[in-house]
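Below is one structure, written out as structure tokens; comments come after it.
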Amino acid sequence: MVFFSYNASPGRIAPDTVTREDAMINGSYLRQLRKTNNFTLVQLSEEIGCTASFLSQIERGQKEPSLATLRKLSEVLNVAISALLLSDGGDETHFSTDDKPSFTVVRRDCRAAYPAQDHIAHCEVLTPAMNGKFAHSLHGAIAFLQPGIFCAEKTIVHPTRDEFLYVVSGSVTAFLDGEEVLLRTGDCVYINAGTPHNFYNGSNEECILLSATN
């Protein structure tokens, strides 16, 4: 199993505001992140500018990285710096040693940004991601659609994937293959593969959408 730590408020990736000089890195979490992102010790050490031996010592809790190294790790692994550190109580998260974990928990401050450049809405990946991309066949995402904007600049089409969308809060106008449908909190829609679609928030409140594609 894999656990990702949580320190932020719901629905937003936590900013890197770590300033404590005595903060300690969570070595086992770093090791699991490295494996989840398919990095060897040598590959990740080259990415962050240190030796594989030093990185191994960091993972085993024998060495502490500099703030500059923490920033590099944060960038390469696509997580907040705070997520790499042990909690104030010093409790370390435990992981299984399985190469292929039976499940993965993605905490709220460790969501990757949705890998679609034409999306206007702020979107985050809910399912496990590697290097900012979906890592499994089931793709889950959450979108925070502000008033007066579309979800994407262009019409969205998934040629080979069906999509299920649920309105968590607010209301949104769904444009589905030339038709307009108003969706309110609690409504959902199933979109068949190849169907052109987009979403527009015509209200004066933020709309939160949860989607899954296969």
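What follows is calculated from the coordinates using simple rules that are stated; it is not laboratory data. All values derive from a computational prediction rather than experimental measurement. Here the Cβ positions follow ideal geometry from the backbone for every residue, glycine too, while neighbour counts run over all protein chains shown.
Please give me the summed charge of the neighbours of A141: other residues whose Cβ is under 11 Å from its Cβ, Lys and Arg +1, Asp and Glu -1.
Working: positive: R111; negative: E124, E163.
Around A141, the charge tally is -1.
Remark on the stretch 159-214: ratio of C-alpha radius of gyration to 2.2 N^0.38 Å is 1.08. Look at L138, L41, L145 and count the other Cβ atoms within 10 Å of each Cβ; fewest to most, that gives L138, L41, L145.
Among K154, K72, the order by Cβ neighbours within 10 angstrom, fewest to most, reads K154, K72. Relative to its residue count, the stretch 112-213 spans a Cα convex hull of 85 Å³ per residue.
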